[in-house]
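Below: one structure, written as structure tokens.
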Amino acid sequence: MFSQKLLSKIVDTEFTIVESVNNNDSLAHQIAKEMPKKVFLITADGPQCVEIVESSNEVFFTPSRILSVNSTIEEAFNDLRIADIALISNDSNEYVGFLTHEMFSKHLLIEYKRAQAYLKTILETIDESCTVIDQDANVLYWTKGAEKIFSVKEKDIIGQPITNFFSAERLEILKSLNDGTSLYHSQHHARKDLVVMINSKPVYLNEEIIGAVVSETDITSQILLNNELYNTSEKLFTLEEEVRKTSPSVNPFSYIKGNSPAIKQTLDIARKAATSDAAVLIYGESGVGKELFAKAIHNLREPENSPFVAINCGAIPSGLFESEIFGYEKGAFSGANQKGKKGKVELAKNGTLFLDEIGEMPLEMQVKILRLLQEKKFYTVGGTKEIEVDFRVVAATNRDLKELINEGKFREDLYYRLNVVNFKVPPLRERPEDIIELTHYFLYELSVKYNRPIHGISQSVMQALLQHAWPGNIRELKNAIERLVAFSENGEIRIEDLPNEMERIPQSTADEQDVLPSNQPSPNENLSLQEQLQIYEKDIILKELSKVDGNKLLCAKNLEITRATLYNRMNKLGIQL
């Protein structure tokens with residue numbers, strides 16, 4: 001592509017073609033007439049460039065080559081070695097210009113200087129360390145990032161053998177140069193106190209290695225930060241377990257709010273999935289609450305003290321993935337925890353391993369996860385002893401895994417290993433009837449959090465919430481409610497405090513519309529939050545009783561409460577049959 005652009009840029013279009021002439025005098029006259037254009041005579045032996053020798057007024061003929069405008073630089077160079085000038089033709093075999101050896105050499109030098117300018121600017125712009133060596137291991141390029149990581153100045157290392165500055169056994173770039181090996185996103189111990197993420201590749205020209213390139217990013221601080229995060233996560237996990245131990249009777253699915261047919265059907269599938277040890281694959285857009293379903297399945301099918309260990313496959317750098325999943329041994333690499341670290345898999349022993357955003361898992365890790373799921377055995381990074389572990393797996397994704405398989409980005413065998421039981425959590429836009437319940441739930445939760453009592457929510461605000469598409473689903477709804485509570489004044493939720501991307505419904509328009517279904521009572525905006533919640537609760541119980549023809553036992557079962565609780569709520573709300 002570069003060579004095609006080069007020839008089209010440097011061709012000289014100031015020329016003319018002469019098909020035939022009677023004699024040299026008439027040819028000389030035509031040449032003089034066309035000057036300063038180049039004149040080419042088309043003969044049976046091929047094109048000839050014709051010029052007048054000023055001293056003798058004689059016509060001088062120079063054999064010419066014919067080059068396609070799509071010719072490569074190598075083809076142009078070889079042809080112009082045979083003849084000093086060439087006619088250039090396009091795809092329609094029409095002559096569009098000419099090129100001389102001198103013009104070609106001049107522009108080739110200019111293009112070389114342009115390429116060098118681009119390369120120099122790129123190397124000066126990137127933050128990463130980038131090193132380039134030639135076939136003799138002499139340093140050709142050394143970026144500012146390399147100076148910062150290795151404390152060696154560019155002026156001191158350029159032109160010098162790289163082994164004058166670093167131990168040969170620590171140089172991955174030498175392996176690329178000598179063996180033709182490549183590395184991508186690999187952890188490398190450049191020094192005892194330095195861990196880098198490295199990419200390394202040999203440079204080929206005419207199928208021969210003429211050098212090598214390596215880029216390195218310092219990840220020492222990331223590893224230390226990851227260790228701190230791990231320790232914090234471990235403490236948080238312990239606290240969560242203590243909380244769960246104190247409330248063993250809580251329905252695991254009680255944290256999933258909504259009474260729409262779509263969410264009820266999903267809950268029914270999830271409960272059935274929790275009755276077996278099979279792998280579960282949860283589909284759903286971002287923000288629908290896939291992890292809540294995963295935790296509920298875990299709490300329903302595992303003993304009380306069983307761990308639930310979540311891994312966000314899209315949040316872990318690919319170079320750290322293996323050590324994060326499988327852990328590492330003491331002294332596996334510099335900068336790591338000196339005691340070693342257990343991986344997520346080992347932490348999930350006799351519990352649940354939750355692989356969130358499984359579609360983002362690096363392809364090279366998928367084969368290792370597949371082996372883990374098949375054999376329930378693994379090796380830690382730097383370890384030599386195979387560890388056996390038993391756990392259940394739940395995976396979740398917002399991607400179409402079959403489409404990823406077709407694109408070669410997800411292993412088909414891993415897909416079938418995970419896809420034993422699957423279900424989709426519906427997006428909020430497909431269950432708008434749940435928006436009201438979720439809104440009041442978040443209003444209560446967040447009003448307590450911010451210590452801001454909320455007296456109610458107007459029809460105009462509720463109408464705006466109901467009409468929004470919620471691309472971010474429940475997470476977006478909660479964020480919107482949190483904003484409304486945080487901005488509230490004197491317990492009043494104001495429509496102007498809705499996020500900018502949401503449409504504001506004028507109060508007069510909202511009053512004319514039913515925020516709720518026609519058979520559900522509209523809330524009075526002057527009522528307290530508790531009074532409005534009682535209105536909705538009463539309507540929900542009445543609806544459920546109507547569905548089961550007044551059978552209180554069946555109604556309580558469908559609402560997932562005890563019959564005694566149902567009687568108490570009916571008495572408190574004044575429900576009589």
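The values are calculated or read from the model by the stated rules, or taken from the named source; none is laboratory data. In this text the structure is predicted, and so the values were computed from the model without any measurement. Neighbour counts run over all protein chains shown; Cβ positions are idealised from the backbone, glycine included. When the accessible area is computed, the model is the full protein with side chains, heavy atoms only, and any ligands, DNA or RNA have been set aside. Shrake-Rupley method; radii C 1.70, N 1.55, O 1.52, S 1.80 Å.
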Residues with amide H under 5 Å from that of Ser71, placed H, sequence gap 5 or more: none
DSSP-defined antiparallel bridges as percent of all bridges, the chain, nearest 5: 65
Principal-axis tilt of helix 473-487 within the chain, Cα atoms, nearest 10 degrees: 70
Degrees, to the nearest 10: 220-246 long Cα axis against longest axis of the chain: 20
Reachable lysines, given that their alpha-carbon falls under 23 Å from the alpha-carbon of Lys113 and they are not under 8 places away in the same chain: Lys5, Lys9, Lys144, Lys155
Angle between the chain longest axis and helix 73-82 axis [Cα atoms, degrees, rounded to 10]: 0
25 Å Cα-Cα threshold exceeded, pairs from Lys295/Lys342; Lys272/Lys377; Lys344/Lys368: Lys272/Lys377
Per residue, in Å², the accessible surface of the chain once ligands and nucleic acids are set aside, probe 1.4 Å: 55
Heavy-atom accessible area order for Leu566, Leu533, largest first, 1.4 Å probe: Leu533, Leu566
Calculated from backbone phi, Karplus (6.51, -1.76, 1.60) coupling profile of segment 384-398 in Hz, x at Gly/Pro: 10, 9, 6, 9, 9, 8, 10, 7, 9, 10, 10, 10, 9, 7, 10
Vicinal HN-Hα couplings computed from phi for segment 407-416 (Karplus, 6.51 cos²θ - 1.76 cosθ + 1.60; Hz; Gly/Pro x): 7, x, 9, 9, 6, 5, 5, 5, 4, 5
Identified option (computed Cα extents along the principal axes in Å; candidates [x] 69, 60, 49; [y] 76, 53, 46; [z] 125, 66, 46): [z]
Residues in segment 10-32 that a label on Thr62 would reach, taking backbone N under 18 Å of a point 7 Å out along Cα→Cβ: 10-18, 28, 31-32
